[in-house]
Ligand SMILES: Nc1nc2c(ncn2[C@@H]2O[C@H](COP(=O)(O)OP(=O)(O)O)[C@@H](O)[C@H]2O)c(=O)[nH]1
Ligand SMILES: [Mg+2]
């Protein structure tokens, strides 16, 4: 079950101006919304106001700001009950085109993102974290990169000149690099683990059944929407640190990721190659153990 707090269409048409230069009164009908930003959120109340205000500020100050005049933000919250709904209601009353979908019987990051994409009214859709690790100022460029020839856009942390925040923990870096290598046969994208990505509504609707229990939704969509290498626009961004609250990802994420990989390998290559690859892996592991490890240790 879920419910949606959406006073935005009524309020955003009010003739008022929001701090900065964003003016929601210039919004056109919500049915013509061209861009939607989807934000999965669990206990992120403290981050929502800075996120939404910075997003609309970024739209308003962009040289192609007219492209974003009817942009919307859709927050998909899993019943956090931490004041997030009240914050969104306050932002709506100030004129921001933001709404919150509160799911009361479902939990999980990927399914929240899928729900957001389904709810989105825009043709260009972007997903980002609530915690400001993904810079709102980069959002307009990512959205504008989407089009017929590039139906997928990826905010990448692995590009020349991009630096990870030096305080990002070493174990998270190692897991991220290892996970990236394991996904290489599935997609040529440089950072399919990124949670900062976008897809056109059209491609999303054509995608095969998305694994809502999966852990990395961008990877799932890249495979199941059959995005070719030249259909991916990559936009480098610097990955920051979470502003408020704590990471929701626990130690089970690696297991969930491996399960997702098995499903995607089967989806893309069928069961037989997967079994052969596993047998090969087993043979190599046995060889390494019997010829290299065992003689040294015993
Ligand atoms: N709706 C919903 N959002 C979630 C869930 N788990 C994580 N999120 C959100 O997904 C985004 C990424 O999670 P985060 O904890 O920042 O992961 P990290 O950046 O990898 O540490 C954040 O905006 C979270 O609030 C969930 O179960 N449901
Ligand atoms: Mg985060």
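Nothing in this text is a laboratory measurement; each read-out follows from the coordinates by a stated rule. What you are looking at is a predicted structure, and each value in this text was computed from that prediction instead of being measured. With ideal geometry, Cβ positions are generated from the backbone for all residues, glycine too; neighbour counts draw on all protein chains shown.
Where the centre of each part is set by its Cα atoms, how far does region 199-258 sit from region 52-113, in angstrom?
When both Cα centres are located, 19 Å separates them.
May I ask you to order 57-70, 34-47, 76-89 by the average number of other C-beta atoms within 10 Å around their residues, highest value first? Don't jump to the answer; show the numbers that get you there.
Values: 57-70: 17.2, 34-47: 23.1, 76-89: 19.7.
Descending mean neighbour count gives 34-47, 76-89, 57-70.
Based on the mean of other beta carbon atoms within 10 Å per residue, what is the order of 258-271, 124-137, most packed first?
Sorting 258-271, 124-137 by mean packing, highest first, produces 124-137, 258-271.
Taking region 54-176, how much of its Cα-Cα pair set, in percent, is spaced more than 19 angstrom apart?
The answer is 58 percent, as a whole percent.
Across bins of 10 angstrom width beginning at 0, how are the C-alpha pair distances of the chain distributed, in whole percent?
All Cα pairs, binned at 10 Å, distribute as 6, 27, 33, 21, 8, 4, 2, 0 percent.
How large is the Kirkwood hydrodynamic radius of region 221-298, counting all unique pairs of alpha carbons, in Å?
Values: mean 1/r = 0.0589 Å⁻¹.
Here the Kirkwood hydrodynamic radius works out to 17.0 Å.
Just grab the label-to-label distance for residue 184 and residue 81, each label 7 Å out from Cα along the Cβ direction, in nm (one decimal).
4.8
Could you work out which residue, out of 148, 119, 234, moves most in a Gaussian network model of the chain, that is, has the largest mean-square fluctuation with Cα springs under 10 Å?
148
Using r as the Cβ-Cβ distance of residue 238 and residue 4, and R0 as 25 Å, what FRET efficiency do you calculate, to the nearest 0.05?
Working from the Cβ atoms, E equals 0.15.
Report the convex hull volume per residue for region 174-223, counting only C-alpha atoms, in Å³.
So the per-residue hull volume is 84 Å³.
Taking a ≥ b ≥ c as the square roots of the eigenvalues of the Cα gyration tensor of region 33-74, is the shape rounded (a/c under 1.5), prolate (a/b larger than b/c) or oblate? Walk me through the numbers on the way to the answer.
Numbers: a/c = 3.95, a/b = 1.77, b/c = 2.23.
Because a/c hits 1.5 or more and a/b fails to exceed b/c, region 33-74 counts as oblate.
Classify region 210-263 as rounded, prolate or oblate from the Cα gyration tensor: take a ≥ b ≥ c as the square roots of its eigenvalues, call it rounded if a/c is under 1.5, otherwise prolate when a/b beats b/c and oblate if not.
Values: a/c = 2.82, a/b = 1.17, b/c = 2.41.
Oblate is the answer for region 210-263, as a/c is 1.5 or above yet b/c matches or exceeds a/b.
State, to one decimal in nm, how far the label point of residue 137 lies from the label point of residue 65, with both points 7 Å from Cα in the Cβ direction.
1.6
Return a whole-number percent for the relative contact order of region 73-168, with Cα pairs under 8 Å and 6 or more residues apart as the contact set.
23
To the nearest 0.05, what FRET efficiency results for residue 159 and residue 290 with a Förster distance of 30 Å applied to their C-beta separation?
Calculated transfer efficiency: 0.10.
When the chain is treated as a GNM, springs tying every alpha-carbon pair under 10 Å, which of 101, 162, 275 comes out with the largest mean-square fluctuation?
275
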